[in-house]
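Single-structure report; data block below.
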Amino acid sequence: MTSKDKASPFVPTEIQVGTVENDEGALGILSMLTTQGLLEIALDQQAADAILKAVGTIKAKLDGL
C-alpha cells in the first residue's frame with residue numbers, strides 16, 4: 001500500500017478496557033468505538049507491552065509539538 005492508497009485512520013470516540021480469563025490465562029481486551037464502528041483487540045502481556053511502547057513513542061512526539 002503506497003502513501004496515497006492509505007485509508008483514513010479510525011478516530012476513537014470511546015475507549016473501554018476489560019479482561020477475560022480461561023484455562024490458558026488472562027487476556028486484556030481493548031475496545032474502541034470509532035467513527036467506523038467497534039474495534040476490539042485482545043492483548044496478552046507481550047502485546048500489551050508493545051502497545052504501551054508504541055503509545056509512549058506517539059505521546060513523546062506529540063508532547064514535542
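Values quoted throughout were computed directly from the atomic coordinates according to the rules given, and no laboratory measurement underlies them. Since we're looking at a predicted model, the values are computed, not measured. For neighbour counting, all protein chains shown are included, and Cβ atoms are generated from backbone atoms with ideal geometry for every residue, glycine included.
Here are a few things to note about the model shown:
- Segment 1-40 - residue that is part of a loop (DSSP other than H, G, I, E, B) and polar (S, T, N, Q) and, of those, farthest from the chain's Cα centre (by Cα): THR2
- Condition met for GLN46 (of a type outside the set (Gly, Ala, Ser) and surrounded by 10 or more Cβ atoms within 10 Å (Cβ to Cβ)): no
- Residues in segment 17-34 that are surrounded by 11 or more Cβ atoms within 10 Å (Cβ to Cβ) and among the polar types (S, T, N, Q) were compared, and the one that is farthest from ASP44 (Cα to Cα) is THR34.
- Count of segment 13-36 residues which are more than 16 Å from LEU52 (Cβ to Cβ), touching a residue at least 12 places away in the same chain (Cβ under 8 Å) and either touching a Pro at 6+ places or on another chain (Cβ under 6 Å) or not hydrophobic (A, V, I, L, M, F, W, C) (or both): 9
- Residue match in segment 41-62 (condition: part of a strand (DSSP E or B) and closer than 20 Å to SER8 by Cα): yes
- Long-range neighbours under 7 Å by Cβ, at least six apart or interchain, first residue over 14 Å from ALA26 (Cβ atoms) within segment 39-56, second part of a strand (DSSP E or B) and not polar (S, T, N, Q): LEU39/MET32; GLU40/ILE29; ILE41/LEU30; ILE51/LEU43
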